[in-house]
1. Enumerate by residue number the GluC sites (Glu not before Pro) in segment A:90-196 meeting two conditions: DSSP loop (anything except H, G, I, E, B), and at most 11 other Cβ atoms within 10 Å of the site's Cβ.
2. Using only Cα atoms, find the angle between the long axis of helix B:2-19 and the longest principal axis of chain B, and express it within 0 to 90 degrees, rounded to the nearest 10.
3. When only Cα pairs under 8 Å and 6 or more residues apart are kept, what is the percent relative contact order across segment B:62-235?
4. In sequence order, what are the phi-derived ³J(HN,Hα) couplings for segment A:325-332 according to the Karplus relation 6.51 cos²θ - 1.76 cosθ + 1.60 with θ = phi - 60°, rounded to whole Hz, with x for glycine and proline?
5. What percent of all Cα-Cα pairs in chain B falls into each 5 Å bin, going from 0 up to the bin containing the maximum distance?
6. Per residue of A:253-265, what is the mean number of Cβ atoms on other protein chains within 10 angstrom of that residue's Cβ?
7. Using alpha-carbon pairs under 8 Å, 6+ residues apart, how would you state the relative contact order of chain A in percent?
8. Kindly identify segment A:345-404 as rounded, prolate or oblate by the Cα gyration tensor criterion: order the square roots of the eigenvalues as a ≥ b ≥ c, call it rounded if a/c is under 1.5, otherwise compare a/b with b/c, prolate if a/b is larger, else oblate.
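The numbers here are math on the coordinates, done by the rules we state, and not lab data. Values in this document were obtained by computation on a predicted structure and should not be read as measured data. Neighbour counts run over all protein chains shown; Cβ positions are idealised from the backbone, glycine included.
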Amino acid sequence: MNIEALRRVPRWLLLGLAIRVALIPFHHPWDLQTWYNMFVDLAHNHSPYETLRYLTYSTRSQWGLIPMDGAKVLPVGQELFYEYYAYPPLPLLLYYPLAKLYALFRPLEYQFVVEGALAAHHVPLAILALFKAPLIVADIGVAALLWRLAGEARARAYFLNPFVILVSAAWMIEDLMILFVLLAFYLVTKKRYELAAFALGLGTLVKWTPGILWPVIGLWLLAERVPWRRQAAFHAVFLGTCTAGIAPVWDGVRFVLQFHAMRPGANLTPHILLYVLARWQNPDIAWYYHVLSPFVGMVTLPLALGAAYLTQWRRHLPLAAAACLAVVAFFLGSKIVNEPYVCLLLPLLLWEQAERPSEAKAFVFKAAYALPLAFAIINVPIPLFIVPAYLQVVPWDPTSDYWIMLLRQAVPGRGHALALAFLAFCFVGAMLYAWRVLTAGVGHAVRETAHRPDPDRARIGPAYHPVASDAS
Amino acid sequence: MGLLIILSLRTLHNLSTISATEAPQELRLDGGALTALYTLNAGMNKPAILNSRGDALVEFSGWDSFVSVDGVSADLWSHAFNIELDRARDRAFLTWSSVPLRQDDPGQEGHHRRYQLEQVVTLLGPRTVVEYYIIPNEPVRTVDLTVGAYKWYLRDLRHEGDTFSFLSADLTRQDAERRLQPGRLTQVTVRSLVPAVGVRPLVNQFGAYALDFSYEVAQPRTYERTLVARLEVTEGPRGPAIQP
């Protein structure tokens with residue numbers, strides 16, 4: 001690439017890339033354990049689903065000591081599952097050659113702490129780089145697609161968003177999923193429905209969440225009176241892609257689905273009250289944790305999603321708004337909304353904002369990233385992201401897990417629980433407000449910029465600044 | 001809506017079943033050729049390995065297996081334990097916890113270290129692999145484990161390195177000590193798959209009745225599983241003759 005070509009690359013893109021590269025040594029400790037051991041599994045030609053199964057039964061047998069030592073966050077006597085690789089199989093396919101490549105040069109050994117402890121493993125920098133390289137590429141892809149869908153300003157707003165950077169550079173594989181989701185919607189807007197179905201299927205094979213957007217596009221095709229044969233082709237390609245990806249590993253996927261079905265609620269949902277309850281109520285809260293919470297989640301999720309699809313159909317919502325609404329419904333109905341999940345909503349909101357700008361949507365966008373970011377800072381808490389980088393420079397010690405665990409236990413429990421509960425309920429409130437904004441047209445629509453072929457040309461301010469000058 | 005209600009009730013039922021605690025007298029993991037039998041109210045049979053005819057090939061003992069963590073020793077039966085069976089994979093997980101040792105020693109909690117010892121039994125056709133892992137919940141320096149594998153009695157015992165082979169009879173201990181003739185004799189091999197610091201048969205007036213395998217690890221990782229011992233029990237061929 002010559003200097004002139006480099007000059008044409010937007011500075012914000014280079015800045016975002018530089019930040020992501022600088023963050024390579026930093027990571028969420030528990031999730032780094034998952035990704036590292038996924039590399040080990042793949043290097044040994046071993047299924048991560050089998051490892052999940054092994055660790056789960058091992059965890060179920062480890063009854064008694066960790067909760068009694070007060071080392072666990074929740075006073076539950078027995079965990080039913082080990083939190084390891086519980087995703088669809090596509091990331092395994094992607095990372096298989098990279099794991100094999102690394103294993104050519106260095107041996108890889110498993111490193112797992114018991115469920116409930118904190119992981120402090122020395123993970124070689126090369127593995128961190130190999131793991132994050134595809135994610136950085138995916139992030140650039142998301143920005144490029146967002147540029148096409150919503151203009152440069154909104155692509156920049158996404159790429160430089162601190163919450164997006166935290167998740168994509170130091171936490172999860174959300175951007176890989178988002179890339180396929182945005183590609184699917186982009187292809188729908190270009191009337192390439194079969195390819196869109198394939199992209200959405202790939203997204204669902206990265207993480208399960210994009211599956212909730214399948215009915216959104218299906219209903220939209222129905223409302224737009226797209227020919228039946230093309231609608232059928234869309235559904236057939238989506239289902240065929242998912243089936244082709246899942247069938248070879250069905251036994252493992254079935255175990256993963258059990259894990260998700262029985263998983264207790266947590267984080268940015270009202271189920272955070274379990275944690276609050278645990279801080280004031282010392283006896284074992286296993287019944288609330290293992291029975292009530294999953295049951296409530298099993299009821300609320302289909303209800304919320306069903307309400308969103310019904311609303312989309314009755315109000316003839318545009319595609320971007322309907323996609324946002326389905327994701328919002330997922331957050332309102334799901335028993336568990338981990339902070340990274342929220343990343344999926346952000347590019348969809350930016351797209352919707354480009355199509356039908358309003359102050360209210362700008363506010364929802366800000367709330368949708370600021371609240372999970374604040375939650376993550378307190379919940380993880382944020383200094384623990386430094387641990388993998390710290391272990392790059394100091395000699396690893398067999399007792400590292402213990403000292404890190406002591407740091408985690410030093411966090412004042414009740415204040416921590418109350419702060420998290422406050423943020424979680426603010427998030428739920430923000431999502432309820434988002435529902436209202438997306439369905440009732442709350443806010444001041446800027447009619448001039450709506451439905452322009454290039455929204456960037458028509459923009460009248462930064463991506464998420466309030467725009468009210470020509471409102472009403 | 002009806003479907004949702006049915007699904008909800010079914011889910012609630014399943015969740016309640018899963019969270020319920022069963023308290024049977026024994027557990028059996030049937031692997032086809034071999035079976036692992038756990039007796040829950042006694043220190044023996046942790047587990048006993050049975051062949052397809054129900055004859056015990058060897059019994060891993062809780063009473064006569066010992067773990068010593070930073071010099072403080074206790075038999076495994078003095079620990080709390082919990083068992084989970086993965087029947088689909090013919091695997092059993094048994095974890096001993098040092099909690100009762102600490103609770104029974106008020107004011108001296110620091111005397112006994114906080115740890116768990118996990119045993120994983122995998123049935124692989126005519127072979128069974130038995131592994132022991134230490135999981136310290138605080139920094140520890142050394143862990144010594146002695147695994148006692150019993151059979152009343154080990155007939156025609158042969159020994160080479162960390163491998164023992166013997167004939168297992170279909171007799172109880174009392175019948176064997178009354179010198180009754182066995183109806184069946186089964187060839188059994190017990191082999192240590194990681195280097196043991198010591199192996200020895202235990203002998204009384206009636207003959208050899210147990211095999212002791214001793215292991216040692218230094219500085220295991222806290223909150224992580226560190227392999228201490230791995231043994232293999234095979235229903236099958238014999239080793240060379242034991243030297244007197």
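1. Within segment A:90-196, the qualifying GluC sites (Glu not before Pro) (loop, at most 11 other Cβ atoms within 10 Å) are A:Glu109.
2. 40 degrees
3. Working: 414 pairs, mean separation 39.8, N = 174.
With pairs under 8 Å counted, the relative contact order is 23 percent.
4. Running phi through 6.51 cos²θ - 1.76 cosθ + 1.60 with θ = phi - 60° gives 5, 5, 5, 4, 4, 4, 5, 6 Hz.
5. Distribution as computed: 1, 6, 13, 16, 17, 15, 12, 8, 5, 3, 2, 1, 1, 0, 0, 0 percent.
6. Partner-chain Cβ atoms within 10 Å, mean over residues of A:253-265: 1.
7. RCO, chain A: 20 percent.
8. prolate
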